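Inspection log for the structure reproduced underneath, given as structure tokens.
The values are calculated or read from the model by the stated rules, or taken from the named source; none is laboratory data. Nothing here was measured: the structure is a model prediction, and the numbers come from that model. Counting neighbours? That spans all protein chains shown, and the Cβs are built from the backbone with ideal geometry, glycine included.
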Amino acid sequence: MAAILLLLLIIAFSNFIIPRGANRFRGIILAVFQLVAFVFFYQKLAVTNAGEVITESYRWIPELGLNLQFQLDGVSIIFALLVTGIGVLVFLYAQAYMKPYGHLQRFFFFLFLFSFAMLGLVLSANMIQLFIFWELTSFLSFFLITYFNEKEEARAAAFRSLFITAFGGLSLLAGILLIGNIAGSYVISDWVASAAAIKAHSHYLPGLLLILLGVFTKSAQFPFHFWLPGAMQAPTPVSSYLHSATMVKAGVFLLMRLSPVMGNTPEWNYIISLVGVTTMLIGGYFALTQRDLKGVLAYTTISALGILVLMLGIDTKLSVKSAIVFLLVHAFYKATLFMVAGFIDKKTGTRDLTKLGGLARQMPVTMVITMLALLSMAGLPPMLGFIGKELIYEAKVQLPGIASIILVVGVLANAFMVAVSVFLGYKLFFGKQGDLPKKPDEKGVLYLLGPAVLVLLSLIYGLFPGIINRMVEVALQVVVPKALDIHLKLWHGFNQVLLLSVFTVLIGSALAFFVIKKPKLLGKWSNLNSSVFSFSFTKAFSNMISGFVGFSERNTARIQHGSHRYYILTIFVVTSLMLWYQLYDTRGWTLATNITLQPFYISILVAISIAAAVFTMFSKSRLSSIIAMGVVGYGLSLIFLYYSAVDLAITQILAETLILVMFVLILQKLPVFAKLSSRATKIRDMIIALSFGGVMTTLALKAINVEFNHPISDFFLENSYTKAYGENVVNVILVDFRALDTMGEVTVLTIAALGVFVLLKTRSKKI
Amino acid sequence: MNSVILKIASRYVRLILFSAAIFALLRGHNLPGGGFIGGLLAGLAVVYKGFAYTFREARQSMRLKPEFLIASGLSIVLLSMIPGILNGKNLMHGIWYKIPLGEAMEIKIGTPFIFDIGVFLTVIGVTVIFLLVLNRE
Amino acid sequence: MEIILAILTGVLYTAGVYMLLRRSILKFIIGIIFLSNATNLLVFLAAGIVQGSPAFVDGKAADSSLIADPLPQALVLTAIVIGLGIIVFTLALKYKYFQLTGTDDLDQVKQTDKP
């Protein structure tokens, strides 16, 4: 497994090696590798169908007890087959679809890397590892949505999806950590083993909520569903791959993985079912009033995800089984529908449902494929969709307690699905054709290959459900360990469930009839929708974000006001206050030396320096203040000289001279001092400066009192002559003992010279 | 500044300053001096020339350009590390070679001294760049 | 004597901070110079000052407590030269600023990321 993952990773990156000239087969080459992966997993199907679990483990961070662990069981193999299988078809489709656009290397890189990430996600046996792949899919989704990055909507939608899924990802991580802490491990099998302890622990509910937040954001559940319709800005191959068949199912996958760990508690059942049922209804309801073809599909996807989540929330054997079957059903028909939608978009130049229509003559093959897929979506025989829906109804019927509400809502949501199916089927192929930007035709085998294969599979599995029976059964055993034998059948005989199906179809058809026959009514309904549900999630989201940004901006403007002097002011006030406090806190030392003015010439020197410093502060002339500054510098060098620092004194004299020269050089080109500060400001600044100077004086006095027993200097003094052959210890330190520091210093000087050079030698425009 | 006295004096003063710079560099290991002090002194020599003539002329009359001085100085600093490594010691471990001169005298040349020459050259280059660039503008 | 030198340190810090808080950039640079001088003096002073016996050794054993501490001297020497580099760089920066904006007033520097 790891080998296959590695292969996919390498292929993804080697995409950049494939030259641009090979763009004509790029998608096909990549599809071949997807096929390799698919065949690999298909061969493993026999093993997992026997009920075995294949695991692999590699050392990763043994210090943290983390290993790269992979696990192929009944659940992950279904997902792996979906990812790679649909991957093959999507890459072939993308080859045709993406032809007119640029940046194909980038696009295929992201798409292929996504298949790697998604596969890694479903194969992970370790929750931390799963989380990493989970985040990787979110990021890649962002890059794929924003493929048309010149469109502002695409960028905004990509940001929304990234923000929401990444937020969910973080909360998922927090949840994983909480639960992992209880179990003492991050390996899923350990979690399953300690399921009872986890459920009994007080962190169970917070952990569950955090993880569910991750699940709901990723799988576009209410109230986070709105990023999915926005994600339709992505190129259609992306929509059919990420946003219908695979990535949005990651949440569902996680629910299946965690069901044996955390499932079957009231919290699990109620929270998940409630969210699922809401999402299901909302998705179905809004799907009907969309005018964009991909928008309709996006909302039906939301509805389908709602159903999946609801079924896993109900968490009975039957419901989980129906979820597994419906997962396949939905992947088959929704990927098909997306690809067909992209095809129609390409051929007619529009996705606007008010314009599309009457394509039956121009696109007959497309019509057949679409009709079959729509049958599956509506849950009608002989498609696999029918079996899925029947199972769902059965699971709902058998449910005690709140069953009746869920059943009613479920029937309603399904009726919406039927209505959407009928409406789409009629409108696209028999409805009135509006002004189409292009004259449609049906050229392009690659476009229809994927949809055809998927629809055919849907039909075959619908007719002979026994083929997938074993696979579903094994997966069911993973999710709900003590499974019950329910065989998949197309015909269950007349019973309550079938009656419900008929009822659903009736309502749905009636709805569709109204929508088709009274387009005005649809318009009114749409308007009603927008007035009743004036609360737009997208808008609310962007308001929230811009509000937050505004809040931050206001606060940043307050704290980082940009006034350079006030920064300095703050720094010095805070520093001197803290130093005063520290001095006060460690008070109780006495001055070791006496106040003496001997030798008097040094005292005079100090007095002159002080006078010069004070003079500099208040001088109004530039030249005199600079000269006074020079006096201070030379005074310092004399002090150094007197106190046994000869090298220091020489350096200070030379440096001071150079500084003075440079000041004088630059001075003639600068304006005279202007009186800029008011008297009050000056007094304030003086107080701060005095406080700082005072604290430094005290600090210096205190420092004198500290007894050093210079251990480092002793080393230098002892070894300077014997080992480094130098009598001048200061110089030996500079060039031998601490030569690396000196090298750094010379480099700094060089950088300063470069900086000066660049600043003054380059011309720039006057502001 | 266009003073004949300054110009004539500059010739000798510069000679003295340069000699002092080299002197400071050479004796740095045992007596006050060294690369920094020598470099600054040599820099001052260029200042003197700049004041006596113009800084443009000062630059043009320099046989070694300041950029070259900096580059070669830094290279020498790096080169001085090599003997230490070659001798299997730590980076920058001082290695000394003794060159006997006659009976009782010998010259000791060590990597720290070479290092100091690198510092010397870099400091000259940096100082000259500072002066020339600031004045040119 | 240390006390008087400590007072000089304090005065230099005072002058430095006061100059840093002025609006004219030239004064600001003078402030930097004062601060760097003051800090050099502080380091030098804190290590303990010894009169008349610089850190020279000739291989004979000597009482190290009588010799001036060479380490702070080396540190300060480095600091002086680096300070020179910084000051010249600031000067160049200030000159460029004046060239571009025609003002010496630091309060005009409020926007960083606008051209």
Scanning the range A:177-187 residue by residue, those part of a helix (DSSP H, G or I) and surrounded by 23 or more Cβ atoms within 10 Å (Cβ to Cβ) turn out to be A:Ile179
Kindly check whether there is at least one residue in the range A:602-609 that is surrounded by 22 or more Cβ atoms within 10 Å (Cβ to Cβ) and either facing another protein chain (nearest Cβ under 7 Å) or of a type in the set (Phe, Trp, Tyr) (or both).
-> yes
Residues being within 9 Å of chain C (Cβ to nearest Cβ) and out of contact with any Phe, Trp or Tyr (no Cβ under 9 Å at 6 or more places or on another chain) - total across the range A:569-601 | 9
Just checking, how many residues over the range A:552-589 are part of a helix (DSSP H, G or I) and touching a Lys or Arg at 6+ places or on another chain (Cβ under 9 Å)?
-> 4
Looking at (1) out of contact with any Phe, Trp or Tyr (no Cβ under 6 Å at 6 or more places or on another chain); (2) modelled with pLDDT of 80 or more; (3) over 19 Å from A:Ile78 (Cβ atoms), which is the one condition that is false for A:Asn469?
-> (3)
Look through the range A:345-403, keep the residues that are of a type in the set (Ser, Thr, Tyr) and in contact with a Pro (Cβ under 9 Å, 6 or more places away or on another chain), and return whichever of them is farthest from A:Asn414 (Cα to Cα).
-> A:Thr348
Determine which member of the set A:Ser526, A:Ser546, A:Ser534 is of a type in the set (S, T, N, Q), loosely packed, with under 12 Cβ neighbours inside 10 Å and at pLDDT below 75.
-> A:Ser534
For A:Leu740, state whether it is in a helix (DSSP H, G or I), among the hydrophobic types (A, V, I, L, M, F, W, C) and at the interface with chain C (Cβ under 8 Å from one of its Cβ atoms).
-> no
Would you check if there is a residue in the range A:669-684 being in contact (Cβ under 8 Å) with a residue 12 or more places away in the chain, assigned by TED's automatic domain parsing to the domain that holds A:Met578 and assigned to a helix (DSSP H, G or I)?
-> no
Please find, within the range C:15-33, the residue that is nearest to the chain's Cα centre (by Cα) out of those that are farther than 15 Å from A:Met686 by Cα and more than 7 Å from chain A (Cβ to nearest Cβ).
-> C:Ile32
Selection within the range A:651-687 - surrounded by 16 or more Cβ atoms within 10 Å (Cβ to Cβ), within 16 Å of A:Ile627 (Cβ to Cβ) and away from chain B (no Cβ under 14 Å) | A:Phe673
Among the numbered criteria (1) under 14 Å from the mean Cα position of the chain (by Cα); (2) more than 8 Å from every other protein chain (Cβ to nearest Cβ), which single criterion is violated by B:Gly35?
-> (2)
So which residues in the range A:688-728 are part of a helix (DSSP H, G or I), over 26 Å from C:Thr9 (Cα atoms) and within 7 Å of chain C (Cβ to nearest Cβ)?
-> A:Asp714, A:Phe716, A:Leu717, A:Ser720, A:Tyr721, A:Thr722
Any residue at all in the range B:69-81 that is assigned to a helix (DSSP H, G or I) and more than 24 Å from C:Gly83 (Cα to Cα)?
-> yes
So, of the residues in the range A:638-650 that are outside any helix (DSSP H, G or I) and either more than 7 Å from every other protein chain (Cβ to nearest Cβ) or among the small types (Gly, Ala, Ser) (or both), which turns out to be nearest to A:Phe618 (Cα to Cα)?
-> A:Ala645
Enumeration of residues in the range A:572-596 that are small (Gly, Ala, Ser) and modelled with pLDDT of 80 or more = A:Ser576
Which residue pairs have Cβ atoms closer than 6 Å, lie 6 or more positions apart in sequence or on different chains, and pair a first residue in the range A:226-243 that is within 12 Å of A:Phe148 (Cα to Cα) with a second residue that is acidic (Asp, Glu) and modelled with pLDDT under 90?
-> A:Gln233/A:Glu153
Can you give me the number of residues within the range A:357-392 that are touching a Leu at 6+ places or on another chain (Cβ under 8 Å) and part of a helix (DSSP H, G or I)?
-> 17
What residue, of A:Ser546, A:Ser619, is away from chain C (no Cβ under 13 Å) and free of Cβ contacts under 8 Å to residues at least 12 places away in the same chain?
-> A:Ser546
Looking at B:Leu17, B:Leu44, which is the one that is more than 8 Å from chain A (Cβ to nearest Cβ), among the aliphatic types (A, V, I, L, M), assigned to a helix (DSSP H, G or I) and surrounded by fewer than 24 Cβ atoms within 10 Å (Cβ to Cβ)?
-> B:Leu17
